[in-house]
Amino acid sequence: MVPSESAAASRTSSIQRDIQFLCDEFRKYNHINPANYERYGVKRGLRNQDGTGVVAGLTQVCNVHGYVMDEGEKAPVDGVLTYRGVNVADLIEGCVRDDRFGFEEAIWLLLFGRLPNRQQLEAFMEILAAQRDLPPYFLEDMLLKVPSRNLMNMLARSVLELYAYDPNPDANGFEDLMRQSISLIARMPVIMVAAYQVKRRAFDKESMYVHDPRSDYSIAENILHSLRPDKQFTHEEARLLDMCLVLHAEHGGGNNSAFASRVVSSSGSDTYSAIAAAVGSLKGPRHGGANAKVMEMLGYIEEGVQNPDSDTEIRDFLVKLIRGEEGDRSGLIYGMGHAVYTKSDPRAVILKKNALKMAAGTPIEREFQILDAVERLTPGVFDEEKGGNKFICANVDLYSGLVYKMLHIPAEMNTPIFATARTPGWCAHRIEEVLYGGRIIRPAYKSLTRDQKYLSMEERP
Ligand code: COA
C-alpha cells in the first residue's frame, strides 16, 4: 500500500470502530416492542385496524378507488383511478384513439380541474416549452461538479438548488405557487436526462450527450430525443412513454410522496423544499423505487430458477423471497401489493396490456412471462406465508420497468421517470394544501419514555 492508501484504510477502520461503539450504545437502551402498537391503538402507517387509510385531508385532485366496505369488511373490487373525476383509462383511450400525446393534457387537468380544449392545450405546450431551460451553467455547476450515482439524489438536490435561482423563492402567494409549479414541471424532464448523462460520464466512463429539447416536441418525445445519442425514436415509442407518464402523474393525497409534500407545505415552507421531500419519498423501494427493484428481482428469479416456464419453480422462489431467503432479503415481492387497490391496479392492467403487445415475439417476452407468473402466483404464496385478510394484486411497478427496458431506457432512470411524471401531482397537492389546508400537519406519537433523573457528570456511571 502507498502511504496515502494506508492512511485512508486506517481512517476507514477507525471510523468503523467508532460507529460500532455508537451502535452498541444505542442498542443498550432502545427498543420498541411491536406489540405496543396494538396495545396503544396506534394507527401504524396511518392505517386503521381494517387496513383502510386514516382520513387525513380533503382533495379535489384525484381519487383512488380500490375496495368497498361490506358489513364492516373490505370487499375487493377492480381499482379505478380518476384525475379530477376523469377516469384515467378513458384519458388514455382518448389519446390512443386520436393518436395524441396525453401527458400535457393530464398536467392541465390535474392543475386546473378540467380537460383543456385545443387552444388551451396549445397555449400550455408553449408555456411549458418557454420554461424548460435550466439556469445558465446549472448542469456544470450543480450536477457535474458533485455527481452522484443515484439519479433520484441528483433530482432532489437539483430541485433544492433551483431555490437559489428564484428571485422570490419563499413567496407562497397563489401566483408564486403557480409560477414555481410550472417551472418545476417543465424542468424536471430536462434535469432527469442531464443527471443521467452526468452519471454516465462520471461513473460509467461513457460519453455524455447534451441535446437541447425541441419546442415542437411533447415531453415524452423530448425525453427520448435528449436521452438517445442519435436523437432518434419512433412515434410508437414516444406514445408508449407518454402513456407511462400519464399513468404515473398522480395518485391521491395519501400516497407517500404527495403526503410528504403536503406535510412540508403545511408548515409554510417553500415549494422547492416540498417537492424535494416528495422526490426523497418516491425514491424509497416501497414507493416509486419499486420499479427498479422489480427489475432487480427479475434478475434474481432468472438466475435462481432453472426453468422459468415452471410455475412450481417460480412459486418456490417466491416463497423464498417472501421469507427473506432470496433476492434483496427484504421479504418483499416488488411490484405486488398496494395500500388501496385489492383486486387490480388499473395502471398495471393498462401497462401490462401494452407491454404484452410490444414484447410479443421479442426476447423480452420471456421476462414478461416471468412477471406474469409473479402476478398469478404471489396471492397464493402470500396467503400461505402471511395469512390474514390482505388482498394482494400487481401494482403499476410490476410492468413499468419492463416497458422502459423495451424503450431502451436504462433501469436507473425508472424511478426518475416516475418522479418526472408525478411532479404535476405533487404540485397540485401542494397548491391545495397551501390554499385550503389551513393547519400544520402534526399527528401525535405515544411516548414510551420512562422518567430518568438528571445526573451531573460526576454522578453518571
Ligand atoms: N411482498 C411481501 N410482503 C408484503 C408485500 C409484498 N409485496 N406487500 C405487503 N406485504 C406484507 C407487509 O410487509 C406486511 O407484513 P408484516 O405484517 O409481516 O409486516 C403485511 O404484508 C401487511 O402489509 P400492509 O402493511 O397492509 O401493506 P401496505 O398496504 O402497507 O403496503 C406496499 C403497500 C405497496 C408498501 C406493499 O404492498 C409493498 O411493500 N409492496 C412491494 C413494494 C412495491 O411494489 N411498491 C410499489 C407500490 S405502488
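Brief remarks follow.
- Column: log10 I(q)/I(0), Debye, Cα scatterers of the chain, q = 0.09, 0.14 Å⁻¹: -0.67, -1.48
- Greater than 19 Å apart at Cα, pairs in Lys231/Lys293; Lys320/Lys353; Lys352/Lys405; Lys357/Lys405; Lys283/Lys446: Lys231/Lys293; Lys320/Lys353; Lys283/Lys446
- Approximating the spin labels as points 7 Å out from Cα along Cα→Cβ, the Ser10-to-Glu458 distance works out to 3.9 nm.
- Label-point separation, Ala56 to Glu25 (7 Å along Cα→Cβ), nm: 3.3
- When the surface is traced with a 1.4 Å probe over the full set of protein chains, Lys357 keeps roughly 140 Å² accessible.
- Rounded to the nearest 20 debye, the dipole size of the range 72-184 about its Cα centre is 200 debye, using +1 on the Cβ of Lys and Arg and -1 on the Cβ of Asp and Glu.
- For the range 290-406, the equivalent ellipsoid derived from the alpha-carbon gyration tensor has semi-axes of 21, 17, 12 Å in decreasing order.
- Accessible surface of the chain [probe 1.4 Å, protein heavy atoms]: carbon and sulfur percent: 51
- Take Leu240: with every protein chain present and a 1.4 Å probe, its accessible area is about 20 Å².
- Among the chymotrypsin sites (Phe, Trp or Tyr not before Pro) found in the range 1-76, those both in a DSSP coil and sparsely packed, with 12 or fewer other Cβ atoms within 10 Å of their Cβ, are Tyr40.
- FRET E, pair Asn48, Arg442, Förster distance 25 Å, beta-carbon r, rounded to 0.05: 0.80
- Rounded to the nearest 0.05, the FRET efficiency derived from the C-beta distance between Tyr37 and Ser330 at R0 = 25 Å is 0.80.
- Of the trypsin sites (Lys or Arg not before Pro) found in the range 118-164, those that fall in a DSSP loop while having at most 15 other beta-carbon atoms within 10 Å are Lys145, Arg149.
- Contact order, relative form, for the chain: 21 percent (alpha carbon pairs under 8 Å, 6 or more residues apart, mean separation divided by residue count).
- Helical runs assigned H by DSSP (4 residues or longer) give the chain a calculated mean residue ellipticity at 222 nm of -17500 deg cm²/dmol, each run adding -39500 (n - 2.57) before division by the residue total.
- Charge dipole of the range 290-406 (Cα centre as origin; +1 on each Lys and Arg Cβ, -1 on each Asp and Glu Cβ, all else neutral): 540 debye, rounded to the nearest 20.
- In the assembled protein chains, Glu122 presents an accessible area of approximately 110 Å² (probe radius 1.4 Å).
- Beta bridges by DSSP in the chain, antiparallel share as percent, to the nearest 5: 90
- Label-point separation, Val210 to Glu302 (7 Å along Cα→Cβ), nm: 3.4
- Once the Cα-Cα distance is subtracted from the 0.36 nm per residue extended length, the Asp70 to Lys231 segment shows a gain of 52.6 nm.
- Per residue, the range 290-406 exposes 44 Å² of accessible surface when a 1.4 Å probe is rolled over the protein heavy atoms with every protein chain present.
- With R₀ set to 41 Å, the beta-carbon distance separating Asn168 from Arg118 gives a calculated FRET efficiency near 0.80.
- q = 0.23, 0.32 Å⁻¹, the range 225-277: log10 I(q)/I(0) [Debye, one scatterer per Cα]: -0.82, -1.15
- Length added when fully stretched, Val319-Glu140, from 0.36 nm per residue minus Cα-Cα: 59.7 nm
The values are calculated or read from the model by the stated rules, or taken from the named source; none is laboratory data. From a predicted model like this one, the values you see are computed outputs, not experimental measurements. Every residue, glycine as well, gets a Cβ built from its backbone with ideal geometry; the counts of neighbours run over all protein chains shown. Keep in mind that these areas ignore ligands, DNA and RNA; they rest on the heavy atoms of the full protein, side chains included. Shrake-Rupley method; radii C 1.70, N 1.55, O 1.52, S 1.80 Å.
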